[in-house]
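Right, one structure below, let's go through it.
Coordinate-derived values only; no laboratory data. As the structure is a prediction and not an experimental result, all values here were calculated from the model. Positions of Cβ are generated from backbone atoms using ideal geometry, with glycine treated the same way; all protein chains shown enter the neighbour counts.
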């Protein structure tokens with residue numbers, strides 16, 4: 001592989017309705033990911049599926065390595081900002097986003113106990129890893 005043709009991409013998707021926490025944004029960088037010898041920008045795509053587009057987005061925090069300045073990001077705030085979605089796909093995603101676990105079981109004609117247990121333990125909200 002030619003290092004001139006490589007870039008790294010971080011994708012984060014949140015299913016929250018409120019404002020976004022940006023304190024960990026300094027970790028979305030080449031220095032934090034320990035990427036070396038790749039000079040292309042680190043691309044970050046952030047999807048906040050249920051946040052209103054009118055929510056003011058705070059500034060990102062810079063990486064600890066002050067020479068790590070090559071980050072490119074784009075934020076999709078709400079599904080309406082994802083232009084490639086057809087109206088039917090957008091509607092289906094909105095229904096999935098707001099589904100309760102019991103509704104997800106209805107998507108399966110025949111499911112086993114493992115599937116039922118997995119669906120029932122789902123949470124529609126992301127929780128950061130502890131430790």
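Between residue 12 and residue 74, the distance separating the two model label sites (each 7 Å from Cα on the Cα→Cβ line) works out to 1.8 nm. Note on residue 91 and residue 112: their simple-model spin labels are 3.5 nm apart, each label 7 Å out from Cα toward Cβ. The distance between label points at residue 67 and residue 103 comes to 5.1 nm (points 7 Å beyond Cα on the Cα→Cβ vector).
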